[in-house]
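Report on the structure given below.
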Amino acid sequence: MPRNAVAFEVSSQDNADAHRPRAYWFMRNQADIKMGIGHACPCGCGMQSAMWFEGLADAGGPEWKIVKPFPQATLSPSIGIGKDEVTGRYHWHGFLEDGVER
């Protein structure tokens with residue numbers, strides 16, 4: 001899958017396009033506050049993953065800092081999807097900078 005492609009928002013994980021590469025949707029709490037995003041793997045395999053926003057969710061794991069608002073978001077740190085517990089490698093690893101997957 002080529003890099004430097006623009007991420008696009010879908011309404012929810014149930015949206016027909018939610019498995020397409022670079023699709024994302026906001027996960028919200030009961031007060032409708034955006035707590036994180038769910039997203040499809042950029043490689044096109046159909047795997048989905050979640051990232052919780054720093055300070056907004058008590059997910060008990062990694063949280064990502066939002067440097068710019070969506071859709072031109074930059075998230076930090078990098079994004080790893082599908083970590084192999086034996087090798088420590090990710091199925092996909094990259095960055096979201098200025099709304100572009102790199």
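A short reminder: the numbers here are calculations on the coordinates, not readings from a lab. It should be emphasised that the depicted structure is a prediction, and the values quoted were computed from it without experimental measurement. We place every Cβ from the backbone using ideal geometry, glycine too, and count neighbours over all the protein chains shown.
With both labels modelled 7 Å from their Cα along Cα-to-Cβ, the Q48 to V86 distance reads 2.8 nm. Per residue of the range 39-50, in order, report the coupling 6.51 cos²θ - 1.76 cosθ + 1.60 (Karplus, θ = phi - 60°) as ³J(HN,Hα) in whole Hz, putting x for Gly and Pro. Computed from phi, the couplings for the range 39-50 are 7, 8, 4, x, 6, x, 6, x, 5, 10, 9, 10 Hz. Summing charges over all other residues whose Cβ lies under 13 Å from the Cβ of G99, with Lys and Arg as +1 and Asp and Glu as -1, gives -1. Please label the shape of the chain as rounded, prolate or oblate, based on the square roots a ≥ b ≥ c of the eigenvalues of the alpha-carbon gyration tensor (a/c under 1.5 means rounded; beyond that, a/b larger than b/c means prolate, else oblate). In terms of gyration-tensor shape, rounded. Close amide H contacts of M35 (hydrogens built in the peptide plane, cut-off under 5 Å, sequence separation of 5 or more or a different chain): M27, R28, N29. Between D58 and E9, the contour length at 0.36 nm per residue exceeds the Cα-Cα span by 15.3 nm. Between the amide H of M47 and those of C41, distances stay under 5 Å, these residues lying 5 or more places away or on another chain, with hydrogens modeled in the peptide plane. Is the range 52-102 best put as rounded, prolate or oblate by its Cα gyration tensor, with a ≥ b ≥ c the root eigenvalues, rounded for a/c under 1.5, and otherwise prolate when a/b is larger than b/c, oblate when not? Here the range 52-102 falls in the oblate category. Charging the Cβ of each Asp and Glu at -1 and of each Lys and Arg at +1, and nothing else, the dipole of the chain about its Cα centre rounds to 240 debye.
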